[in-house]
1. Across the stretch B:630-665, which residue is modelled with the lowest pLDDT among those that are charged (D, E, K, R) and not in a helix (DSSP H, G or I)?
2. Tell me which of these B:TRP296 doesn't satisfy, since it passes every other one: (1) under 26 Å from B:ARG603 (Cβ atoms); (2) open to solvent by less than 10 Å² (accessible area, probe 1.4 Å); (3) in contact with a Phe, Trp or Tyr (Cβ under 9 Å, 6 or more places away or on another chain).
3. Have a look at A:VAL50, A:VAL40 and point out the one that is modelled with pLDDT of 90 or more and either outside any loop (DSSP other than H, G, I, E, B) or open to solvent by 50 Å² or more (accessible area, probe 1.4 Å) (or both).
4. When you go through (1) free of Cβ contacts under 8 Å to residues at least 60 places away in the same chain; (2) within 14 Å of another protein chain (Cβ to nearest Cβ) one by one for B:LEU631, which number turns out not to apply?
5. For the stretch B:572-589, how many residues meet the condition of being surrounded by fewer than 19 Cβ atoms within 10 Å (Cβ to Cβ) and assigned to a loop (DSSP other than H, G, I, E, B)?
6. Looking only at the stretch B:533-581, count how many residues are among the hydroxyl-bearing types (Ser, Thr, Tyr) and either under 22 Å from B:GLN601 (Cβ atoms) or within 14 Å of chain A (Cβ to nearest Cβ) (or both).
Amino acid sequence: VVEGLALLDLGVSPYSGAVFHETPLIIYLFHFLTEYAELVFMITDVLTAVALYLAIQDFNKVVFKKQKLLIELDKYAPDVAELIQTPMEMHYIPLKVALFYLLNPYTVLSCVAKSTCAINNTVIAFFILATIKGSAFLSAVFLALATYQSLYPLTLFAPALLYLLQRQFIPIKPKSKSFWLYTMQYAALYLCSLLVIICLSFFLLNSWDFIPSVYGFILSVPDLTPNIGLFWYFFAEMFEHFSLFFVCVFQINVFFYTVPLAIKLKEHPVFFMFIQIAIISIFKSYPTVGDVALYMAFLPVWSHLYRFLRNIFILSCVLIVCSLLFPVLWHLWIYAGSANSNFYYAITLTFNVGQILLVSDYFYAFLRREYYLTHGLHLTRPDGTEAMLVLK
Amino acid sequence: MAVQRRREPHGAVGQCPAVAAACLPLGRPRLSAGGSSVLPDGSEPGDRRCPPERKRRGVRESRPRREEPRRGRHSPRGIPTRGKAVRGTNGAQAARELRGGSARNGRRSGAGAAAAGAGTAGSRRHRGAPGSGAAARSRPAAPRSPEEAAPGPPLPSPPRAGASEAGPGPRLRVSTATPEAAAIGREAGSGRALGAAGPARARRDALQDALREELLLSPLPDGDVAATFQFRTRWDADLQRGAVSHYRLFPKALGRLAAALGVRELHLALTQGFWRTRAWGQPPLQAPAGAELWVWFQPTVTDVDKAWKELSNILSGIFCASLNFIDSTNTVTPTASFKPLGLANGTDHRLLRYAVLPREVVCTENLTPWKKLLPCGSKAGLAVLLKAERLFHSSYHSQAVHIRPICRDASCLAVSWELRQTLTVVFDTFSSGQGKKDWSLFKMFSRTLTDACPLALQSKVYVDISPKNKEKELLEVTPAPTSVHEAIVQGDKRTYAVYDLLSPSLFNTSRSLNVQLKWKRPQDSSELPTPVLHAQRYVSGYGLQAGEISTLIYNTHPYRAFPVLLLETVPWYLRLYVHTLTIITKGKENKPSYIHYQPAQDRRRPHLLEMLIQLPASSVTKITIQFERALLKWTEYTPDPNHGFYVSSSVLSALVPSVIAMKDVDMEQSPLFTSLFPSSDGSSYFVRLYTEPLLVNLPTPDFSMPYNVICLTCTVVAVCYGSFYNLLTRTFHVEEPNRGGLAKRLANVIRRFRGVPPL
């Protein structure tokens, strides 16, 4: 960002080079704030935490209401009392979420590094807040902002729409008219605000240079500087003539889980949102630790799933060890010269496997809890023995 | 050992050719403080065609026969041994026939047979430059004749500003050169049957083409010896106006290239080693390590990039160099640093392309095609010294080709083309000569000079015998030079011993010329004179992630400040952060008055940074900029990635104020050095310096495991896909009672057979 500002001061378009890939709004924001950069990043982090706190507080109320309703309607199996979340448990969850975000070493790191990822996180957090509060307009605006910032939050459109539909008690049926009407409304809001933002940046810079420089950069992965993602080494080692194919294959990963997840989790849009944010942070082309911090902040919300997680201990060990090994192997490769790139690559690979398994474990646990809630905790076979639950 | 014989000084002949060298084009760079500096002054009388003819007349006739076998420019045939060539009185006749003949042969595109008769001479000229204006055609003949008829009087020096660099030339000639020249003229005239036809023919020849060869030998302060060859071919043809059909001395390959691609100026240098400015002083013409190519295209060229690509590929073929690796990732368009050196109407920098290949290794295969461009090849003249095994056994080797348009005459109504081939070598005689600083031509080149190139108008050897520290001369040159002349070169007073190879007396006593230099007493090399402007550059930083490029520019001038244009070209894989650019002089920040920065684009364009920095007197300016190293794709690495990547030299262009006042001293036309960059006025001179190329290591991936990486990463993606697919498509079910696997059922069947209860 500083480089972009310097270029702007020199009268050179910041997008004419390959160093600067932030959006025009960011550059103008920092044009005024560059003196207080540390403060700005701290404030954005705090804002994110507050937004998450308020969002989860609201979400808890919604969950509680829904639970109560379902219990009253006798939708739950009789013996699931211990699975039901009590207000006692839920009371501290918003605080835990906020603290999880603020005290996460990843957040601290990205704040110290002054990564603009913190701003993306804030925008996404506000988007979540607006969605959970039920404000379609604000939600669309923040979603547009987030999309404008890094393109991938586009996929959050689906969970936000589902949540808002649920809030309006509109049945999610392809045949119902009101469903389509609301969808169109929301989509129009979203697209309009996106258009406005992009036009605004056009008028700020008077050129469309930023489109290829920001989004082309995200999509075509020209910069192979090592990060914690999967892309850099893969494309550094890729054969030239396959590289377009594999760019498509890798980019599609972010987007193509959205529709099946939307179908599977249409009753639970917030969980869907969590999964989607996690997938974005795993499969985005230039992931940073800030992205990881955002979805990890949601983990306390799903603390009731803890008893169904299969290998949380191993996975947390993997993630912690990998986080510790990142700087070590980086140092060995880049500075000490006693290791080569494969060491660092191996650790990114392990870290990503850890993340993937963590997310899918939470997903599994969530589905399993849902099953138990409807079918009772103590399943018995027809012959009366304890039954095993399997996926089929 | 070569034949070395002492000879009488022969000043009489030496004076006149010195006059001829004044015929220099003067594109004149000028640095304006505003930043958009060096302006060429097209109106400058580039080429005063002063009378080399006079001198040549005397010499030509002495060996007319030797010219006969050499017609084909590219493949000169064997040269008859020098010496008792026919010195007939009808030499002029022979020479005329020769001219006609060689013209006929040389005209390869077949523009009709040229008649050798005197009457056709004019029309031949016309055909040579068919498109040029009528004025250009008629001009040269008429006003010349009075001068020719009376070969003494100096040329009328056209009135112009800043006359000091070339203006005094003619004036000086009046006093010294005239009597001798007149004598030669008389001699020549009497020696010939047709005294009147001689000058006319000679003039015609001069109008056509001209070759001048020069060798400058200068002992460097630290004991090394620099030898600079320069071959200038002038071609009076208007390339750009269409059909050019006449190639005599000018190499056809380059001429056609320039005509076809609309090249206005071409500068190509291939260099091995680095000129150590601090120890060796200001070079006559420095070039960056590796290959450097910069070209100005004609304004008529529409697609400059395409022409540039084509040009670099063709040049790559001509010079057997890897110039075809010049592409958009190492080509830049500087806005201020490089200005046309020849005639130019405009300086629209979009017509300029500049590229350096710092990795290029220069060797024999580049030298041979370079030598082939010489009219005499390497068979005669100074080029016999160009023996590859010696030239590349040196500390510095730089060969260059410069093509530029120059004024045909003082009035500058027509354009001539100049091809200037230079070759600079620095020999480490100190270490190879058992600690002695003495040298001779034979020691350095393992050859001696036997004759001049017969096609040359001028062929001279200059030896720098400038006294150091105002003391007595410490060195002794043998054989005695034909003349001695003094000049101020790059702000320094120099004395040159001149050997004119065209003067017959030089080879009277010995058959070959072996210039030797002996130091009378061991020189105390305690203090080396530091040049006014020098620079050094280095990469600092640790690790493979970030780094810093630092450039130190020294201004050792005691009291004058002057501006310097710095041009940095950095490849895209070093991500420069221009906000980290700091320029510090004497502990204070120094704001550049002009800055042009063009950031790189990945795999398409390098960084270009141009700055105009004011250097205070006796100061060191430190310029630092930080960068980050990129990880490349594995196919983008060179075969030896851990060797590092070169960053080409940065270019410093400056008008350096001279320590010695140059205004009062007549600047007699000096050999090479009123060369491409003449000074704009007496008080300063133009210097272009190149810093060291840098070697930067980049982080490398493991080249041995693309398959492994592809497999492993895809596995991770597949793990994600698999687990999500599993969870998305399946639902939970209570496990159904298992009826057992195949083995169990098989066992039960067998058990039933046996009558045993099943499992």
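1. It comes out as B:ASP664.
2. Every condition holds for B:TRP296 apart from (1).
3. A:VAL50
4. B:LEU631 satisfies every listed condition except (1).
5. 2
6. Adding up the residues that qualify gives 5.
Matching residues to (1) under 30 Å from B:THR713 (Cβ atoms); (2) crowded, with 16+ Cβ neighbours inside 10 Å:
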| site | (1), (2) |
| --- | --- |
| A:LYS173 | no, no |
| A:CYS199 | no, no |
| A:ILE211 | yes, no |
| A:VAL214 | yes, yes |
| A:ASP223 | yes, yes |
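Residues checked against (1) open to solvent by less than 10 Å² (accessible area, probe 1.4 Å); (2) more than 22 Å from B:SER649 (Cβ to Cβ):
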| site | (1), (2) |
| --- | --- |
| B:SER316 | no, no |
| B:PRO334 | yes, no |
| B:GLU360 | no, no |
| B:LEU367 | yes, no |
| B:LEU373 | yes, yes |
| B:HIS393 | no, yes |
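The values are calculated or read from the model by the stated rules, or taken from the named source; none is laboratory data. This structure is a prediction, so every number in the text was calculated from the model and none was measured. Ideal geometry is used to build each Cβ from the backbone, glycine not excepted, and the neighbour counts take in all protein chains shown. Ligands, DNA and RNA are stripped out before the accessible areas are found, and what is left, the full protein with its side chains, is counted by its heavy atoms. Shrake-Rupley method; radii C 1.70, N 1.55, O 1.52, S 1.80 Å.
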